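> Structure in structure tokens, see below.
The values are calculated or read from the model by the stated rules, or taken from the named source; none is laboratory data. Just so we're clear, the structure is a prediction, and the values are computed from it rather than from any experiment. Cβ atoms come from the backbone with ideal geometry, glycine included; neighbour counts cover every protein chain shown.
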Amino acid sequence: MGIAMVLVNREVENMVLFLNTFCSSIKLELVYKVQMQCHEDAIFPRNSELTIHGKTY
């Protein structure tokens, strides 16, 4: 395997590590936001209606 191929493989590995970390961070942030929204909804219930396929509940 040539030196160029080794460098390309390292770049790919680095990019995979970066993307894994980045995506994990986004997933954690999304989970946190959903949990906070559920918590707020439980504490501060709203007088809102749910409409599904034209039916209001």
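> Looking at (1) at pLDDT below 85; (2) part of a helix (DSSP H, G or I); (3) of a type in the set (A, V, I, L, M), find the lone condition where Met1 falls short.
(2)
> Name the residue, out of Met36, Met15, that is surrounded by 10 or more Cβ atoms within 10 Å (Cβ to Cβ) and at pLDDT 90 or above.
Met15
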